[in-house]
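The values are calculated or read from the model by the stated rules, or taken from the named source; none is laboratory data. Source: prediction; values computed, not measured. Virtual Cβ from ideal backbone geometry, glycine too; neighbours counted across all protein chains shown.
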């Protein structure tokens, strides 16, 4: 059992517990910190940023410059310390375990594409040349503490959208901005969009579905399939 006086310096503790203890002891409610300072303190731990985010569903309020305009882009604000995850009875607070079967089902259901921006696994971002998408699972309602890990609660997201959605207090674009883009669509495009809006679902064509499957394969395998497809088209 991890006691209340446990130290974040104890490397035998889990990363989420160490991050929580560091925030409690070195930052405190109302304190400002940076991810760089947290990484420097919790060295040798992979995905320490994710472990910090895992505290939010346990009631920890950690704000970014998007939530608190007075902050710099590299600063975060510890508004509230939530459940003491260093105690055994709260160790799993807010954590939602996703089974491998559910993970596979959601990826396949969503066509191995980010449901928020449409990018596929390993595809390059148009606005970030050289940066390639990594798919992960997010929650339809990311701000709900203790939400479920059922397929209907999950959505395929790229890591960039997943990070953005977790920090948003509102929508990313205004209603007016989206409406302007809707009006610019041709008539057929408006009809198609309306059908998607009414069903809250964008069906993928067979080619799009195979594209999503193709993009999640290793690069060497994709190259082989490209050659095979070209040969098939020539036959």
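For the stretch 222-231, the condition holds for no residue, the condition being that it is loosely packed, with under 10 Cβ neighbours inside 10 Å, outside the structural domain of residue 111 (by TED's automatic domain parsing), in a loop (DSSP other than H, G, I, E, B) and modelled with pLDDT of 90 or more. Residue count for the stretch 74-108, restricted to those that are part of a helix (DSSP H, G or I) and in contact with a strand residue (DSSP E or B) (Cβ under 8 Å, 6 or more places away or on another chain): 4. Against the criterion of being surrounded by 10 or more Cβ atoms within 10 Å (Cβ to Cβ), within 20 Å of residue 155 (Cβ to Cβ) and either in contact with a helix residue (DSSP H, G or I) (Cβ under 8 Å, 6 or more places away or on another chain) or free of Cβ contacts under 8 Å to residues at least 24 places away in the same chain (or both), residue 204 qualifies.
Which residue is nearest to residue 92 (Cα to Cα), if the candidates are limited to the stretch 14-73 and must be free of Cβ contacts under 8 Å to residues at least 40 places away in the same chain, outside any helix (DSSP H, G or I) and touching a helix residue (DSSP H, G or I) at 6+ places or on another chain (Cβ under 7 Å)? It comes out as 55.
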